[in-house]
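**Student:** My questions all concern the structure below.
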Amino acid sequence: MLMREKVAFITGAAGEVGQALIKQLAARRKGRILSLDLRPLPPELDALVTHVQGSILDKTLLERLVTEYEMEEIYHLAALLSTRAEFSPNAAHRVNVTGTMTLLELAAEQSEWRKEPVRFMFPSSIAAFGLPDLRTKLDYAHVREWEWNTPRTMYGCNKLYCEMLGQYFSNHYRQLAAEQPVMLDFRSVRFPGLISAFTVPSGGTSDYGPEMLHAAAQGKPYACFVREDVRIPFMAMPDAVKALLDLAAAPRESLRRQVYNVTSFSLSAAEFREYVLRYFPEAQITFQPDVRRQSIVDSWPADLDDSAARRDWGWKPDYDVERAFADYLVPNISKRYQNAAQPA
Ligand code: AKB
């Protein structure tokens with residue numbers, strides 16, 4: 001019998017989370033990692049995975065991949081982020097919803113075929129929340145998973161709906177069929193704004209944090225597009241990858257939910273600037289709020305309650321704000337731009 005090779009499959013692999021995940025997953029996993037993205041991977045990651053350049057919307061491509069590979073676990077990271085999605089809601093819906101639905105169907109079919117659930121990891125976001133006004137944002141500082149599920153953005157609506165689709169596919173798929181199929185195992189984390197030392201975000205609305213820092217390290221002035229007082233939660237990229245991998249590794253019986261808040265530290269834009277200035281005292285950071293992007297950030301929670309993740313699968317970030325800046329962000333970002341400035 002023709003056997004297919006077992007793989008972990010990562011979509012959106014060339015994005016910020018994807019690049020960081022590849023390094024960690026390759027260090028842990030013995031078998032092959034298959035990755036997919038519209039873009040090529042940076043050369044240093046190429047050796048760690050089998051990369052396919054293509055779209056998650058290309059069903060023929062996906063069908064071809066399942067003839068060759070048995071996907072044991074899927075990390076479905078491909079998405080258009082919140083700001084970009086507002087400019088092209090239709091494209092966002094196609095990528096964020098139709099793309100996820102296509103992959104969920106593929107995983108459902110594969111679970112039946114294997115007679116074993118495919119683990120489906122889905123990064124969701126603080127954008128799945130939508131607080132109606134600043135007063136409410138102040139009153140509900142630590143938002144729990146089931147509160148304020150009234151997103152204001154296309155991206156937030158897409159994420160919230162896909163969380164529900166994932167739970168449908170893993171609990172109720174084909175519920176009227178005579179025989180219960182083997183269903184996929186859907187797990188999701190709601191991330192705060194993520195900050196990487198190695199990549200710069202694009203198309204998000206929490207991007208002002210990382211943009212401030214990367215601009216300062218390059219000696220470039222930066223005009224922050226939100227007000228000084230606005231507060232949202234953040235997380236350093238290594239913790240985001242750890243959250244995905246730890247949740248993936250948790251015994252299913254210990255999980256009382258399928259979608260978990262995770263967070264690390266919460267900062268106002270002014271406090272973020274203070275941290276940047278501590279390490280880059282020459283940084284020129286001003287505030288020029290963009291009313292429309294500001295109102296998106298105003299609708300996101302100031303902080304998250306991640307006690308369910310802590311209780312069920314031992315979630316605990318490695319990087320609080322001090323350690324994130326001192327040990328991860330500043331040294332790596334400084335090195336990155338120093339190296340870039342060296343003549344070849
Ligand atoms: C965005 O700003 O769209 C993302 C997110 C908060 O999910 N970084």
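**Student:** For the range 162-200 and the range 219-268, what is the centre-to-centre distance using only Cα atoms, to the nearest Å?
**Tutor:** 18
**Student:** Could you pull out every residue, at least 5 positions away or on a different chain, whose amide H is within less than 5 Å of the one on residue 29? Hs are placed 1.01 Å off N in the peptide plane, and Pro or chain starts have none.
**Tutor:** Amide H neighbours of residue 29: none.
**Student:** Write down the percent of antiparallel bridges among all DSSP beta bridges whose residues are both part of the chain, to the nearest 5.
**Tutor:** Details: 4 of 41 bridges.
Percentage antiparallel, nearest 5: 10.
**Student:** What number, in percent, do you get for the relative contact order of the chain if the mean sequence gap of Cα pairs under 8 Å and at least 6 apart is divided by its residue count?
**Tutor:** Working: 648 pairs, mean separation 61.1, N = 344.
Contact order relative to length: 18 percent.
**Student:** Compute the accessible area per residue over the chain, keeping the other protein chains in place, probe 1.4 Å, unit Å².
**Tutor:** Working: 15610 Å² over 344 residues.
Each residue of the chain exposes 45 Å² on average to a 1.4 Å probe.
**Student:** Another question about this same structure. Considering amide H positions built from the backbone, and no H for Pro or chain starts, which residues 5 or more places from residue 185, or on another chain, come under 5 Å of its amide H?
**Tutor:** Hits under the 5 Å cutoff: 118, 119, 120.
**Student:** Right, something else. Heavy atoms only, probe 1.4 Å: what % of the accessible area of the chain goes to carbon and sulfur, would you let me know?
**Tutor:** On the way: 8150 of 15610 Å².
In the chain, the share of accessible area belonging to carbon and sulfur is 52 percent.
**Student:** Moving to a separate point now. For a quick protection proxy, order the peptides 94-101, 279-286, 298-305, 317-324 by their average other-Cβ count within 10 Å, most packed first. Write down the numbers at each step before the final one.
**Tutor:** On the way: 94-101: 19.4, 279-286: 14.4, 298-305: 23.2, 317-324: 16.5.
Answer by packing, highest mean first, reads 298-305, 94-101, 317-324, 279-286.
The values are calculated or read from the model by the stated rules, or taken from the named source; none is laboratory data. Since the structure is predicted, the reported quantities are computational estimates derived from the model, not experimental observations. FYI the Cβ positions are ideal-geometry reconstructions off the backbone, even for glycines, and counts take in every protein chain you see. In case anyone asks, the SASA skips ligands and DNA or RNA and just uses the protein heavy atoms, side chains included. Shrake-Rupley method; radii C 1.70, N 1.55, O 1.52, S 1.80 Å.
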